[in-house]
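Following: one structure in structure tokens, then a few remarks.
The values are calculated or read from the model by the stated rules, or taken from the named source; none is laboratory data. These numbers were taken from a predicted model, which means no experiment stands behind them. We work out accessible area using only protein heavy atoms, side chains counted, and drop any ligands, DNA or RNA first. Shrake-Rupley method; radii C 1.70, N 1.55, O 1.52, S 1.80 Å.
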Amino acid sequence: MTLYDYKCDGCGVRFEQDHPMSAPPVRVCPECGAEKVRKILSTGGVQIAGSRPSPSAAPPPCASGGCAGGMCGLG
Ligand SMILES: [Zn+2]
């Protein structure tokens, strides 16, 4: 079973439903009965781009205290 997040565009309710991937997605809202339910991205395991700093953003050599200001030509 896989847990899916759904949102109803009719009444705005958001709910979770777990069903096998082979099963058809939920179409009818359990709250208002409108067929305006759409599947939304689950919050589990999904990283929003830009939410974490890049691992390559290391400080330049001069900022690490390896040399005095201006002596290596980078500062
Ligand atoms: Zn609804």
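Tell me the carbon and sulfur percent of the accessible area for the range 1-43, rounded to whole percent, probe radius 1.4 Å. Heavy-atom surface of the range 1-43 belonging to carbon and sulfur, 1.4 Å probe: 50 percent. Full extension of the chain between Asp9 and Ala23 yields a length gain of 2.9 nm, computed as 0.36 nm times the residue separation minus the alpha carbon distance.
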